[in-house]
Amino acid sequence: LGQGSLYDRVGPDALGALVRRFYGHVARDPLLAPIFPADLSLTAEKQFAFLSGFLGGPPLYHERFGHPRLRARHLPFAITPERAAAWLACMNAALRDTPEIAADDARELYAALARVAVHMVNSPAGTL
Ligand code: HEM
């Protein structure tokens, strides 16, 4: 358990499949779809690049786009606790859709993302 980075254990192919499936769920989520662009291909590309570095692999986001400044980048969107929960539910669904990622790795990945999601909340509950 825990050999190498999470990126090494998951690999770019499964990570790409996860990100694609994640935005498939986002596009169908009534709380999330309205704040995302209709065409999610660039969003998915940036998320793949970010997660690559975040999970200990190549720092593709930094190389292409600079420092992610994630909290600042999310400030234009009203991210309530409900939207954070919806985002994590989409990720959980995408992990379930992605058996290429082993269960232990999926749990570790989800826990790491849940810690970041808390910090993206910038609007109080019930203010959608
Ligand atoms: C971009 C929503 C959490 C990473 C975005 C965008 C929205 C959004 C609306 C803009 C999409 C676009 O214009 O292309 C949310 C919501 C979250 C959340 C509702 C709930 C908590 C997270 C988390 C991460 C993350 C936890 C990282 C682990 C990113 C990245 C981008 C992004 C890397 C692209 C930034 C860029 O434009 O360069 N997010 N997000 N987000 N988000 Fe989130």
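The values are calculated or read from the model by the stated rules, or taken from the named source; none is laboratory data. What you see is a predicted model, and the numbers here were worked out from it, not measured in a lab. Glycine gets a Cβ as well: all are built from the backbone with ideal geometry, and neighbour counts include every protein chain shown.
Look at region 1-26 and say how many of its residues are in contact with a helix residue (DSSP H, G or I) (Cβ under 8 Å, 6 or more places away or on another chain) and loosely packed, with under 15 Cβ neighbours inside 10 Å. Total meeting the criteria: 3. Of all the criteria given as (1) under 27 Å from L128 (Cα atoms); (2) more than 9 Å from the ligand (Cβ to nearest atom); (3) touching a residue at least 60 places away in the same chain (Cβ under 8 Å); (4) hydrophobic (A, V, I, L, M, F, W, C), the one not satisfied by A38 is (3).
Quick check: is even one residue across region 43-66 within 9 Å of the ligand (Cβ to nearest atom), closer than 16 Å to R21 by Cα and among the hydroxyl-bearing types (S, T, Y)? Within region 43-66, one or more residues are within 9 Å of the ligand (Cβ to nearest atom), closer than 16 Å to R21 by Cα and among the hydroxyl-bearing types (S, T, Y). The residue pairs whose first member lies in region 105-120 and is assigned to a helix (DSSP H, G or I) and within 8 Å of the ligand (Cβ to nearest atom), whose second member is at pLDDT 95 or above and of a type in the set (V, I, T), and whose beta carbons are closer than 6 Å, counting only pairs six or more residues apart or on different chains, are M120/I79. Could you say which residue among S5, S52, S41 is among the hydroxyl-bearing types (S, T, Y) and in contact with a Pro (Cβ under 7 Å, 6 or more places away or on another chain)? Answer to the check: S52.
Apart from one condition, A72 fits all of (1) surrounded by 15 or more Cβ atoms within 10 Å (Cβ to Cβ); (2) out of contact with any Leu (no Cβ under 9 Å at 6 or more places or on another chain); (3) outside any loop (DSSP other than H, G, I, E, B); (4) aliphatic (A, V, I, L, M); the exception is (1). Screening L1 with (1) modelled with pLDDT of 95 or more; (2) more than 15 Å from the ligand (Cβ to nearest atom) gives one miss only, at (1). Scanning region 11-34 for residues that are within 12 Å of the ligand (Cβ to nearest atom) and touching a Pro at 6+ places or on another chain (Cβ under 9 Å) yields no hits at all. Filtering region 35-58 to residues that are in contact with a Phe, Trp or Tyr (Cβ under 7 Å, 6 or more places away or on another chain), surrounded by 17 or more Cβ atoms within 10 Å (Cβ to Cβ), aliphatic (A, V, I, L, M) and not in a loop (DSSP other than H, G, I, E, B) leaves A44, A49.
Condition check ((1) surrounded by 15 or more Cβ atoms within 10 Å (Cβ to Cβ); (2) near the ligand (Cβ under 9 Å from one of its atoms)) across all residues:
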| residue | (1), (2) |
| --- | --- |
| I79 | yes, yes |
| A84 | yes, yes |
| N92 | yes, no |
| L95 | yes, no |
| A125 | no, no |
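The criterion of being modelled with pLDDT of 95 or more and surrounded by 15 or more Cβ atoms within 10 Å (Cβ to Cβ) does not hold for P99.
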